[in-house]
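Quick notes on the structure that follows.
The values are calculated or read from the model by the stated rules, or taken from the named source; none is laboratory data. All figures in this text were calculated on a predicted structure; none of them were measured in a lab. Please note: Cβ atoms are built from the backbone with ideal geometry, for glycine as well, and neighbour counts cover all protein chains shown. Only protein heavy atoms, including side chains, enter the accessible area calculation; ligands, DNA and RNA are left aside. Shrake-Rupley method; radii C 1.70, N 1.55, O 1.52, S 1.80 Å.
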Amino acid sequence: MKDLVQTITEAIQEKKGSDIVIADLRKIEGTISQFFIICQGNSPSQVEAITESIGDMARERLKEKPSHVVGLENAQWVAMDYGDVLVHIFLPDVRAYYDLEHLWEDAVLTRIPDLD
């Protein structure tokens, strides 16, 4: 699972996704997954590119495919379900509105610095 989290993070960075937060939910009872990975793109086309990059890199490196991908119709908030890892790719205003980081504030949050 650590490899999947790392691969997803690299795939986000490859498409210049920003403000990456990894929420470790393993010590919280009753959660639907063990990790949330939250990031953002600046446009619907960048959100789509990040989604495609994650899918391609996880499949090529780890033979992993998401069981569900939702939100590509308008690409404002795409969710990718890898079972124990859920990925959320937002447009900035949609991310601010839903504020998932505060929803899971009991989780251990790791912020990944943006690449220049």
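Can you say whether Ile28 is among the aliphatic types (A, V, I, L, M), in contact with a strand residue (DSSP E or B) (Cβ under 8 Å, 6 or more places away or on another chain) and closer than 21 Å to Lys2 by Cβ, as far as the supplied structure shows? No: the conditions fail for Ile28. Of all the listed residues (Pro113, Pro66), the sole one being over 12 Å from Phe35 (Cα atoms), of a type outside the set (A, V, I, L, M, F, W, C) and under 14 Å from the mean Cα position of the chain (by Cα) is Pro66.
From the list Lys65, Lys27, the lone residue that is at pLDDT below 95 and of a type in the set (Lys, Arg) is Lys27.
Looking only at the range 1-12, which residues are open to solvent by 40 Å² or more (accessible area, probe 1.4 Å) and either assigned to a helix (DSSP H, G or I) or touching a Lys or Arg at 6+ places or on another chain (Cβ under 9 Å) (or both)? Selection gives Lys2, Asp3, Gln6, Glu10.
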